[in-house]
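Below is one structure, written out as structure tokens; comments come after it.
The values are calculated or read from the model by the stated rules, or taken from the named source; none is laboratory data. Since the model is a prediction, treat every value here as computed from it, not as a measurement. Neighbour counts run over all protein chains shown; Cβ positions are idealised from the backbone, glycine included.
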Amino acid sequence: MTINFQGKTALVTGAGSGIGAACAHKFAQCGAYVFVNDIDPVRAESVAKEIGGTALAGDVASPGAWLDPVLERGELHALVHNAGYDLATRMGSTEMAAFDRLHRIQISGPFEMTQLLLPVLRAANGAIVIFVASVHGIATEPETSAYAAAKGALIAMVRSLCQDLGPDRIRALTVSPGYVDTPLLDLWMGSTPDPAATRAHAESLHPLGRMGQPEEIASLIAFLASPYAEFINGTNIVIDGGLTARLMD
Ligand SMILES: NC(=O)c1ccc[n+]([C@@H]2O[C@H](COP(=O)([O-])OP(=O)(O)OC[C@H]3O[C@@H](n4cnc5c(N)ncnc54)[C@H](O)[C@@H]3O)[C@@H](O)[C@H]2O)c1
């Protein structure tokens with residue numbers, strides 16, 4: 001099965017690292033013209049240079065003029081809302097500004113961005129909006145309430161969005177990865193008392209005995225954006241090596 005995105009345009013948010021960077025590479029390998037967004041301009045520039053795309057430095061919490069190059073392009077076939085991060089939320093000591101900022105980045109910012117880019121999504125005459133959610137939107141653990149709520153909200157949101165956007169031939173989906181080996185995960189593991197033991201435990205939770213790789217998530221997202229998946233819409237696709245099939249540690 002060959003995916004051909006020649007003549008298509010994609011925008012990937014948080015594409016300067018991890019899953020987003022892998023998506024930007026994958027879409028470019030398949031022939032798409034890729035806008036590489038990141039809040040960190042150096043990261044955005046570096047990935048854009050590697051793939052021959054356009055860097056778009058900007059905060060997804062504040063969609064605005066930095067998206068003008070995408071509007072000027074005229075058509076947008078794939079919008080991948082990937083930017084995000086985890087936040088420890090201990091009941092009793094969580095800063096509400098941090099809680100609200102996470103939700104702005106993961107829910108309302110992407111909603112607003114999709115709305116702003118609607119003219120170019122419509123013009124593509126067959127577009128897709130994909131949100132990178134998480135298994136935490138389905139089942140989760142203590143001190144993860146803000147993150148789990150955000151990811152769960154995305155999973156619920158696409159069920160309605162697909163109905164709003166279907167008449168314009170725009171699909172809406174969430175993808176929910178299990179643990180994926182990225183700098184974000186390293187950061188979290190590094191904050192635990194024994195990072196090596198945390199890694200080993202995380203790996204052991206997956207029936208396959210390992211974490212996912214960013215390229216595996218990117219391959220799924222490229223497939224979902226391709227004509228092979230044109231009838232997949234308004235749902236959540238879990239990619240977790242069997243993690244959520246387990247009942248206990
Ligand atoms: N790594 C995992 O185990 C895992 C599992 C499930 C879901 N996810 C989700 O996948 C997405 C990507 O995670 P990752 O592991 O690749 O992280 P990562 O930290 O490696 O990359 C995320 C990128 O997003 C950028 N970013 C952060 N805030 C931004 C903002 N406001 N605007 C624009 N860019 C911003 C960062 O600068 C960074 O380059 C996140 O939404 C995360 O919640 C990750």
Residue among GLY234, GLY241 that is more than 12 Å from the ligand (Cβ to nearest atom), surrounded by 16 or more Cβ atoms within 10 Å (Cβ to Cβ) and in a loop (DSSP other than H, G, I, E, B): GLY234
Search result, residues across the stretch 57-78 that are over 22 Å from ALA98 (Cα atoms) and either within 16 Å of the chain's Cα centre (by Cα) or assigned to a loop (DSSP other than H, G, I, E, B) (or both): GLY74, GLU75, LEU76, HIS77, ALA78
Criterion: hydroxyl-bearing (Ser, Thr, Tyr), in contact with a helix residue (DSSP H, G or I) (Cβ under 6 Å, 6 or more places away or on another chain) and surrounded by 15 or more Cβ atoms within 10 Å (Cβ to Cβ) - qualifying residue of SER226, SER176: SER176
Some residue of the stretch 156-171 being in contact with a helix residue (DSSP H, G or I) (Cβ under 6 Å, 6 or more places away or on another chain) and in contact (Cβ under 8 Å) with a residue 24 or more places away in the chain: yes
Any chance ILE128 is modelled with pLDDT of 95 or more, surrounded by 19 or more Cβ atoms within 10 Å (Cβ to Cβ), more than 10 Å from the ligand (Cβ to nearest atom) and part of a strand (DSSP E or B): yes
Meets criteria (in a helix (DSSP H, G or I) and more than 21 Å from ILE217 (Cα to Cα)) for GLY166: yes
Residue under evaluation GLY58, criteria (1) closer than 30 Å to THR192 by Cα; (2) within 14 Å of the ligand (Cβ to nearest atom), criterion not met: (1)
Residue within the stretch 14-32 that is more than 12 Å from the ligand (Cβ to nearest atom), within 19 Å of the chain's Cα centre (by Cα) and part of a strand (DSSP E or B) present: no
Selection status of ALA78, aliphatic (A, V, I, L, M), surrounded by 23 or more Cβ atoms within 10 Å (Cβ to Cβ) and under 21 Å from ASN236 (Cα atoms): yes
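Hey, can you tell me all the residues within the stretch 222-249 that are among the small types (Gly, Ala, Ser) and over 13 Å from LEU173 (Cβ atoms)?
Answer for the stretch 222-249, where residues must be among the small types (Gly, Ala, Ser) and over 13 Å from LEU173 (Cβ atoms): GLY241, GLY242, ALA245.
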In the stretch 1-13, residue nearest to ALA133 (Cα to Cα) [restricted to those that are more than 10 Å from the ligand (Cβ to nearest atom) and of a type outside the set (A, V, I, L, M, F, W, C)]: THR9
Odd one out for ARG43 among (1) part of a loop (DSSP other than H, G, I, E, B); (2) surrounded by fewer than 23 Cβ atoms within 10 Å (Cβ to Cβ); (3) within 9 Å of the ligand (Cβ to nearest atom): (1)
